[in-house]
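Values in this text are rule-based calculations from the coordinates and carry no lab data. Keep in mind that what you see is a predicted model, and the values were worked out from it rather than measured. Here Cβ is always computed from backbone atoms with ideal geometry, including for glycine, and neighbour counts include all displayed protein chains.
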Amino acid sequence: MNKKGFTLTELLAVIAIIGILSLVAIPNIIGIVDNIRKDNMVSDAKKLISIAQMSVNSSYDIKNFKNYGSDTTDYRCVNSTKTCTFKFSYLNRNKDIKNDPDGGSYNSSSYVKYTKDNSGNVSYCIYLEGSKRKIGTSATCVSEKDLYSKDVVK
């Protein structure tokens, strides 16, 4: 006699195997997706720092900290502290960055800070806040070199 189909035992065994595999695979997939989102946020931060660097290099006034702006303007330079702070909206004025990796938008209080010390060394740091995660805090930003060396997304 020709048998067509599967027995109930065979079907239950296949379902059990699929269930075990999904229990192992799903957490790994979720972890991979989370790491990809973190990497995308770091990539956005690096892009914003690059845009700030281009702004500094293309403007004599910014490069030399000509007193400009207030806390409500696109960027603010203070000669006495040798810093310029660029708002996210100013750096993203060409809409290079559409959304944060979690599907929301970046907070308007995000910024990049350009600083030159007394030895003439230039540094950049960033505070970038998305809908679910952020790099740095509004009071302390993360340096450009730390973006390359640490897990900075919280």
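A compact table of results
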{"read-out": "Listed pairs Lys95/Lys145; Lys66/Lys98; Lys38/Lys116; Lys116/Lys150; Lys82/Lys145; Lys47/Lys132 exceeding 27 Å between Cα atoms", "value": "Lys66/Lys98; Lys38/Lys116"}
{"read-out": "Linear extension gain, Val33 paired with Lys63, 0.36 nm per residue minus alpha-carbon span", "value": "6.9 nm"}
{"read-out": "Student exercise, the range 8-149 dipole from Lys, Arg, Asp, Glu Cβ charges, in Debye to nearest 20", "value": "560 debye"}
{"read-out": "Cβ-Cβ FRET estimate between Val14 and Lys154, R0 fixed at 35 Å, reported to 0.05", "value": "0.25"}
{"read-out": "Likely footprinting exposure, Phe6, Phe65, Phe88, fewest C-beta neighbours within 10 Å first", "value": "Phe6, Phe65, Phe88"}
{"read-out": "Globularity ratio of the range 59-154, using Cα Rg and 2.2 N^0.38 Å", "value": "1.11"}
{"read-out": "Computed over the chain: relative contact order in percent, which uses C-alpha pairs under 8 Å that are six or more apart", "value": "16 percent"}
{"read-out": "Footprinting exposure proxy for Cys141, Cys84 (fewest neighbouring C-beta atoms within 10 Å first)", "value": "Cys141, Cys84"}
{"read-out": "For the chain, calculated [θ]222 nm from helices alone, where every DSSP H run of n ≥ 4 adds -39500 (n - 2.57)", "value": "-14000 deg cm²/dmol"}
{"read-out": "The range 113-119 - phi-based ³J(HN,Hα) in whole Hz, Karplus 6.51/-1.76/1.60, Gly and Pro as x", "value": "10, 9, 9, 10, 7, 5, 7"}
